[in-house]
1. Looking at the range 310-349, which of its residues are among the polar types (S, T, N, Q) and assigned to a helix (DSSP H, G or I)?
2. For Ala367, are the conditions met, namely being in a helix (DSSP H, G or I), among the aliphatic types (A, V, I, L, M), under 18 Å from the mean Cα position of the chain (by Cα) and crowded, with 21+ Cβ neighbours inside 10 Å?
3. Working carefully through the options Leu285, Leu293, find the one that is within 18 Å of Phe22 (Cα to Cα), touching a residue at least 12 places away in the same chain (Cβ under 8 Å) and part of a helix (DSSP H, G or I).
4. Within the range 75-89, does at least one residue satisfy the condition of being surrounded by fewer than 21 Cβ atoms within 10 Å (Cβ to Cβ), at pLDDT 75 or above, over 30 Å from Thr255 (Cβ atoms) and touching a strand residue (DSSP E or B) at 6+ places or on another chain (Cβ under 8 Å)?
5. Mind listing whichever residues of the range 348-362 are surrounded by fewer than 18 Cβ atoms within 10 Å (Cβ to Cβ) and in contact with a helix residue (DSSP H, G or I) (Cβ under 7 Å, 6 or more places away or on another chain)?
6. Got at least one residue in the range 142-161 being modelled with pLDDT of 85 or more, assigned to a strand (DSSP E or B) and among the hydroxyl-bearing types (Ser, Thr, Tyr)?
7. Can you tell me how many residues in the range 162-178 are touching a strand residue (DSSP E or B) at 6+ places or on another chain (Cβ under 7 Å) and in a helix (DSSP H, G or I)?
8. Can you find, within the range 179-211, the residue that is surrounded by the most Cβ atoms within 10 Å (Cβ to Cβ) among those that are among the β-branched types (Val, Ile, Thr) and not in a loop (DSSP other than H, G, I, E, B)?
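The values are calculated or read from the model by the stated rules, or taken from the named source; none is laboratory data. Quick caveat: nothing in here was measured; it's all calculated off a predicted structure. Quick reminder, even Gly has a Cβ in these numbers, built from the backbone with ideal geometry, and neighbours come from all protein chains shown.
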Amino acid sequence: MRRHPGLFLSIIAIVAILAGIFVIPKGIGTQWMPWRLGLDLVGGSHLVYQVDLSQVAAGDQDSVVNGLRDVIEKRVNLFGVSEPQVFTARSGNQAQLIVELAGVKNVSDAINQIGETPLLDFREVDASSSTATNTQYIYTNLTGQYITGAQLTFDQTTGQPQVDINFNTEGAGIFERITAANVGKPLAIFLDNQLIEAPVVQGPIAGGKAVITGNFTVATAQQLVQRFNAGALPAPITLVNQQTISASLGSNSLTKVILAGLIGTALVILFMLFYYRLFGLFAALSLIIYIALTLGLFKVIPITLSLAGLAGFILTIGMAVDANILIFERIKEELKRGLSRAAAIEEGFRRAWPSIRDSNTSTIITAIILYYLTSSFVRGFALTLLIGVLVSLFSAITTTRLFLRVFIKDKK
């Protein structure tokens, strides 16, 4: 880039122009926006599920409910639903799971996207109370929540389709203890409270692997595999309420948010032009390129833009010129020391880089922590903030430097 700054600057400018064309809205309102929009901007579906905890020990209920939330969120994300909100509500011994899906206006579609993930559990046979016609079962704490994966296989003798399942480390230990305690006895496998198999345990089974057999066709076995891989529920759930909700902000509010962003950007550009003159012009052009590239990335990835996500992006617009300000001040100091323009520019970038690096690294770390330790709208804010900071670093260090190298020359 030092040898051919004009070429690289031209490439960046062309990419930015294409990105700008790529994200130009086709009109006004949420339906014309080129990005995925969150529930607060476009509305969606609201579903309430009742969680059956009757067979769950009191000490395990919180863990089971949290596991349900994680599984449903994973399953919704598997279908590509925009930034779902999945949270729980407890009242005494009752628990509910609330699911809100952005942009899904057809409630039936929302229900189908969540699907009927099967409840798998293993039960011991109660020999003391069982008869030839009425077998009683004892619940164990081994359920589908411990499953890490499943695959379709075929019995080598009969050729019948079957489902191989793998347990995680904790589940493997539980499974081994249960089989060790039931050697020579049936161990019943229930799917959605329906008995599908009760094989006799020949010996303790270690390694965390099990096989589910039954009256499967290839299609039903494959469907079961897909559902287990999407996540097996640790407790049964029942849909008790469903409705379509309207956007809490809608088209008018979205237009106001965009207008606020435009005004903020214009004020930042005016400040840079007024205070730094020609340098400010280059910073303004770099900022416009930054905005085009970032919005293009939001659409390509794609990222769901909720109000919080938009706030994160607008915040980075102001942050994007921070690095330029540090660089320009350093350049001014070097010029006062008597360095030539070209030398002052290179020295200004070199001396400003440690401060730029450290400040942006702290923001990146914060964004990563927010993304992985939070959920829903906060994750949207963290993601747009993270991408914005990374692109702004490129804009300040690369694009602005190329502008200065191309257009600022030493006087002859």
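1. Residues satisfying the conditions are Thr316, Asn324.
2. Judged against the criteria, Ala367 is a match.
3. Leu293
4. Yes.
5. The answer is Arg351, Ser355.
6. Yes, the range 142-161 contains a residue that is modelled with pLDDT of 85 or more, assigned to a strand (DSSP E or B) and among the hydroxyl-bearing types (Ser, Thr, Tyr).
7. 4
8. Filtering first and then ranking leaves Ile189.
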